[in-house]
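Here the structure comes first, spelled out in structure tokens, and everything after it is commentary.
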Amino acid sequence: MDRFTYADGKLACESLPLSKVAEQIGTPCYVYSRATIEEHYRRLVEAFRPLDPLVCYSIKSCGNLSICRLLGELGAGMDVVSGGELFRALAAGVPASKCVFAGVGKTDAEIEQAIKADIGLLNIESEAEFENLGRIAQKLDKTVRGALRVNPDVDPKTHLYTTTGKRETKFGVDIERARNFFVEYGQDPQCRLTGLHLHIGSPVYTTQPYVDAVKKTLALIDDLALLGHKVSVLDLGGGFGADYESEQSLLAADYAEAIVPLLQDRVAKGLKIILEPGRTIVANAGVLLTRVLYVKKSGDKTFAICDAGMNTLLRPSHYNAFHFIWPCEPEPPFVPTKRAKSMDMPGLVPIDVVGPICESGDFLAVDRPLPPLKRGDLLCVFTAGAYGMSMASRYNSQPLPAEVLVAGEKMDVIRRRETYEDLVAHER
């Protein structure tokens, strides 16, 4: 699933030892594999080829311009949820016509920005937002294409914070309200309501929630057709899983096997499909490198205090998320053959991998079985490409880390490490 492998006891990204990246760029540092990004994108496109979808990469998962540009060159559109993300998409060379704009709290300025850019599709989350959108479009004397986000009320069996397709959520409207929505707004002259948008949550590791959501939505499309409202676009959102553990996630082909048969006939009759993958493309394509600063004992606990923490990778403390962590150059008995929550190698010790932040909730792993660690060891936090750098902060006035893109033996710094001067540049 990715190009991060151990060879002769050393962890490499593609053909480049990660120790070389750390030596030249320093830590903490995010490292991405170009080949992995390309492979994951192409697998997804190939799996869903019978539907000929517009694949809109979810910028919120990892918004670095170089990565957005790479995916744009491969043919991807962009899924954006803010004016800033739309700005990134355009800066990466992706035309607004291949962008979909979602998000429950679009400001007037963001809506105006999207309309003036000729956005491909605006995903609408409420009656109040639609009315505001129509008012702004009328002021600009422009028309815009809209898709109503509906909640099919299915349980994706994921974290509470990333469950978005249930009835009780701030996103979208429930299916019952959707019918009335089209009755009231379906003939609006400024915003042509031509689509439906789904996003049930992330990460979703089974296909049944998608099957249930699609079936409910197709029934809604048929009901709307009887009322005289044609739905020509169905945006299925994203949420496909990633391998935080070995072979944890389904393949793109597995999701497609369940979803494609439900939609092929509709596509043949003119229904346009949009997908919004993010995590499934970039999660396994990125890792976080961090250096052990100190190892200390406190009661029965052993702590490895590192230069990366919750400010660098928020997912463990925010979602209680698991990321496989291992030394980049372990002793021979400790070279891993898999990535799992539980490792059964002799000699491992339970260690809390924590960061430098002044919070007890600052951790990357708790009671994690690891080889004995010492000051200076280089650790790799795997599957950090999605919602790693994009959720990083400057808490405790810690500068943001560098980002590096690797292709074969070559690496490019695609975001320089911030300096202390960068921290205060906006305050002078």
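Key figures
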read-out	value
Cα long-axis angle, helix 34-47 against the chain (0 to 90 degrees, to the nearest 10)	40 degrees
Dipole of the chain [Lys/Arg +1, Asp/Glu -1 at C-beta], most positive-end residue of 308, 278, 72	72
Euclidean distance between Cα centres, the stretch 1-80 to the stretch 310-388, Å	21 Å
Extension gain, residue 412 back to residue 109 (0.36 nm per residue minus Cα-Cα distance, nm)	105.6 nm
Correct option for Rg and Dmax of the Cα atoms in Å [calculated from the coordinates] among [x] 20.1, 64; [y] 23.1, 78; [z] 22.7, 70	[z]
Options 420, 229, 251, ranked by Cα towards positive dipole end of the chain, top entry (Cβ charges)	420
Expected 222 nm ellipticity per residue - DSSP helices of 4 or more, -39500 (n - 2.57), all of the chain, to 500	-8500 deg cm²/dmol
Theoretical FRET efficiency, 1/(1+(r/R0)^6), r = Cβ-Cβ of residue 349 and residue 262, R0 41 Å, to 0.05	0.25
Antiparallel content of DSSP bridges confined to the stretch 48-281, in %, to 5	5 percent
For the stretch 359-428, fraction of C-alpha pairs farther apart than 21 Å, in %	46 percent
Rg and Dmax of the stretch 1-134, Cα atoms only, in Å	18.3, 62
FRET efficiency estimate (nearest 0.05) - Cβ-Cβ, residue 127 to residue 397, R0 35 angstrom	0.25
Most mobile of 317, 298, 246 in a GNM of the chain (Cα contacts under 10 Å)	298
Mean projection area, nm², convex hull over Cα of the stretch 247-392	10.7 nm²
Proximal aspartates and glutamates relative to residue 297, as straight alpha-carbon distance under 16 Å, when same-chain residues fewer than 8 apart are discounted	352, 367
Under 26 Å from the Cα of residue 269 - lysines, other chains or at least 8 residues apart	98, 215, 216, 230
Listed residues 268, 35, 283, most fluctuating in the chain (Gaussian network, C-alpha, under 10 Å)	268
Fewest-first ranking of 389, 1, using other Cβ atoms within 10 Å as the exposure measure	1, 389
DSSP bridge pairs, the chain: antiparallel proportion in percent, nearest 5	50 percent
Which of 197, 426, 323, 229 has the fewest Cβ neighbours within 10 Å, and the rest in rising order	426, 229, 323, 197
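Since every read-out is calculated from the coordinates, none of them should be taken as a lab result. Computed from a prediction, not measured in an experiment: that's the story for all the values here. Here the Cβ is made from the backbone with ideal geometry for all residues, glycine too, and neighbour counts use every protein chain on show.
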